[in-house]
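Computed from the coordinates by the stated procedures, all read-outs in this text should not be read as laboratory data. Nothing here was measured: the structure is a model prediction, and the numbers come from that model. Virtual Cβ from ideal backbone geometry, glycine too; neighbours counted across all protein chains shown.
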Amino acid sequence: MSLDDDILIDNYLRGQLSDQEIVAFELKLKSDDEFRKNVELERALWVSQNESDWSFANPNNEEVKAYKKLLEEPGIQSLKKSLGQINTTLKKDSKSTVKNWVYYMVAASIAIFFCLNIFFNQNSSNQELVDDFLSASDLPSFTSRGASETEDLILAQEFFEKENFKDALDIFIPILDSGIKDASVYLYTGISQMKLKQYGKAETTFDALIASDLLDAQKGYWYKALLYLQQDHIDDCKTILSHIVSQSLYNHTEAKALLKVLNDD
Amino acid sequence: MKDPNYFLEGLVSNNENVVREIYKGSFYKVLSFISRNKGSRPDAEDVFQNALLQLAVRYKKNKFEINSNFEAYLLVVCKNLWRRELNKSKSLVTNDKVIELKNDNEDIALSVLEQERWELFNEYIAQLSENCLKIMTLFFKRISYAEMVKRFGYNSETVARQRVFKCKSKLKDMIKNDTRFKSLLEL
């Protein structure tokens, strides 16, 4: 193919031909088979490589017909049925509440252990302090809810507990984006972002919780304080802790203790 | 990392445990992607199911190899299906007639071929020289030749056009010489 033809096809794909040129272009398409084949391939490449486009196939293509036939076979039809069923049951599965009790018992004992650890170990680094406090957090478990839509949250919590924060966020963020207002989802999201060092995003998440009209909105202050501590923004951290103490907000006792540790340093 | 064939075989044989494993491992990544890109949960469910059907039917016809891990590959298929869905509304004209797209087996069958074609193209784009790859990336992003001149310090637009022409010709030759080409793009 000549460079001239290439320029012509290029201008056509970019929508840069005049009406008159388009008429000539279409005439050439009909009369010059080699040219037409080139245009088809160029067009397929052009649309397939751009996000705002897609290269659609022709239903008369023999391969398409063959796939269509295979899709009608009983084996694939039964797979189709199974996929539908699995999709439905995944949403409905609910887990044994026994796990909740175990979870709470373990969480409670860890909390006591870490609180003792924090106050006896005055030389902890800020990072250690944050980790200790986060480990001691009594984040609620979604497994206790039992409603069908919480299946997603249970799985996200599993990821979170396995410290797979990225996968956890893949679930939590769409839930928040869908407009569901839930303090626990905010907290899990913010802590996951914090763990992934996405500090700006974590702060936005905690701020959104604080600004919400949720009963647990005040928890946002405590975690925002930990977020500042994690980043060694000690003055900001102290400001929030003082606010928590003066207003007797969530975890004000811990906040008071943490303030003391920070002031002693 | 599990062998991708383990998942493909599991799909074709409709092995419930394998299918559940696939859902657990990948569905939420797809949901996350789609909800960040103008979609909802039902959209993600449809895309995910169609992607799995696509893989099953393709593997059944021809035992193809997945050269990356299964989850990454499945995510690419889902992203393409969603891209396809978002672009469906544009009127589709091929061979002078508008294609009516239906949400059924024909639609899935079409998407299999389109995915194969997309892979064929990308396989050869990846084989281009570094310089060709750079300029073709800009070309496919629909960047103007004037802009290419600026970015690459060419003397004129003619030089830029000649570079694109040369690289694109090489790419088209490689694609045309592939045995899959004829069946994937009927010219």
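General remarks:
- Sequence of B:136, A:194, A:1 once ranked by neighbouring C-beta atoms within 10 Å, starting from the fewest: A:1, B:136, A:194
- Structure note, pairs A:219/A:256; A:69/B:60; A:80/B:182; A:195/A:260; A:81/B:79: Cα-Cα distances above 19 angstrom occur for A:80/B:182; A:195/A:260; A:81/B:79.
- Gaussian network model of chain B, Cα within-10 Å springs - most flexible of B:81, B:171, B:55: B:171
- Extension gain for the segment residue B:159 to residue B:9, taken as residue separation times 0.36 nm less the Cα-Cα distance, is 49.0 nm to one decimal.
- Neighbour-count ranking [beta-carbon atoms within 10 angstrom, fewest first] of B:178, A:216, A:264: A:264, B:178, A:216
- Cut-off of 10 Å, at most 12 other beta carbons, DSSP loop: longest stretch of chain B lacking such GluC sites (Glu not before Pro): B:101-187
- Each residue of the stretch A:75-85 is assigned a 3J(HN,Hα), and the resulting list reads x, 6, 4, 6, 5, 4, 5, 4, 4, x, 5 Hz, derived from the Karplus form 6.51 cos²θ - 1.76 cosθ + 1.60 (θ = phi - 60°), x at Gly and Pro.
- Between residue B:186 and residue A:125, the modelled label-to-label distance comes to 6.6 nm, taking each label 7 Å out from Cα in the direction of the beta carbon.
- At an R0 of 35 angstrom, the distance between the Cβ atoms of residue B:147 and residue A:214 translates into a FRET efficiency of 0.10.
- FRET efficiency, residue A:235 to residue A:199 (Cβ-Cβ, R0 25 Å, nearest 0.05): 0.95
- Only helices enter this figure: runs of n ≥ 4 DSSP H residues, each worth -39500 (n - 2.57), summed and divided by the residues of the protein assembly as shown, yield -23000 deg cm²/dmol at 222 nm to the nearest 500.
- Proximal lysines relative to residue B:24, as straight alpha-carbon distance under 17 Å, when same-chain residues fewer than 8 apart are discounted: A:91, A:92, A:95, A:162, A:166, B:2
- Sites residue A:81 and residue B:122 - FRET efficiency at Förster radius 41 Å, r taken between beta-carbons, to 0.05: 0.80
- Isolated cysteines in chain B, defined as those with no second cysteine Cβ under 4.7 Å, comprise B:78.
- Spin-label model distance (nm) - residue A:90 vs residue A:181, 7 Å beyond Cα toward Cβ: 3.0 nm
- Its relative contact order, with pairs defined as Cα atoms under 8 Å and 6+ residues apart, puts the stretch B:1-126 at 27 percent.
- Under 12 Å of direct C-alpha separation, and excluding same-chain neighbours fewer than eight residues apart, residue B:88 reaches these aspartates and glutamates: A:53, B:100, B:107.
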